[in-house]
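One structure below.
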């Protein structure tokens, strides 16, 4: 079972920035490398095109679901169905309803093979569901102008997901302030 930071790392593999889309799962080989690096998952073979497409569909649905949660919008029915169905493939699965409540389902007949891609998808879906249903999770989107990373705030005043984004925004504000002051000063 994965934790909320894993669900966030998964959804943040695609970033729709104002300057363009950044896709970290750009092809089956890259997606397999991400799974191995980030989740310690290896099949010792590349992902098939079908597996790759399933992974991206799951990620896009998880991303839309968390963005809906972030804005207190109702979740899309199609995203609920897809994530609940993916989560149900595991012996233990979380299920989410349209009111952001979760319930737990057990099915002892499922496998527990750590190299089973279906179970990996189920664990990612379940982690996303758990995060979406956690009313105490302080989910936020980075406040930097060109950053769309979702993260969990560790402080209520936290606006950026990283020091780098915070430093860039503070530097941009300082530059704009000095530029404005320079243009307002009277000539001697």
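The values are calculated or read from the model by the stated rules, or taken from the named source; none is laboratory data. Everything numeric here is computed off the predicted structure, so don't read it as measured data. Don't worry about glycine lacking a Cβ; one is built from the backbone with ideal geometry, like all the others, and counts go over all protein chains shown.
List of remarks:
- Filtered residue count, the range 17-38, keeping only those that are outside any helix (DSSP H, G or I) and either surrounded by 14 or more Cβ atoms within 10 Å (Cβ to Cβ) or within 17 Å of the chain's Cα centre (by Cα) (or both): 7
- Residue match in the range 72-91 (condition: without any contact (Cβ under 8 Å) to a residue 12 or more places away in the chain, closer than 21 Å to residue 139 by Cα and surrounded by fewer than 13 Cβ atoms within 10 Å (Cβ to Cβ)): yes
- The single condition among (1) out of contact with any strand residue (DSSP E or B) (no Cβ under 9 Å at 6 or more places or on another chain); (2) buried (at least 16 other Cβ atoms within 10 Å of the Cβ); (3) modelled with pLDDT under 90 that residue 148 does not meet is (1).
- Within the range 101-111, not a single residue is surrounded by 12 or more Cβ atoms within 10 Å (Cβ to Cβ), assigned to a loop (DSSP other than H, G, I, E, B) and modelled with pLDDT of 90 or more.
- Selected residue (criterion: farthest from residue 123 (Cα to Cα)) from residues of the range 10-19 that are out of contact with any strand residue (DSSP E or B) (no Cβ under 7 Å at 6 or more places or on another chain) and at pLDDT 95 or above: 13
- Subset of the range 40-56 [surrounded by 13 or more Cβ atoms within 10 Å (Cβ to Cβ), assigned to a helix (DSSP H, G or I) and touching a helix residue (DSSP H, G or I) at 6+ places or on another chain (Cβ under 7 Å)]: 51, 52, 54, 55
- Tabulated pairs, the range 20-44, first on the phi < 0 side of the Ramachandran plot and at pLDDT below 90, second in a loop (DSSP other than H, G, I, E, B) and surrounded by 15 or more Cβ atoms within 10 Å (Cβ to Cβ), C-beta under 7 angstrom, 6+ apart or interchain: none
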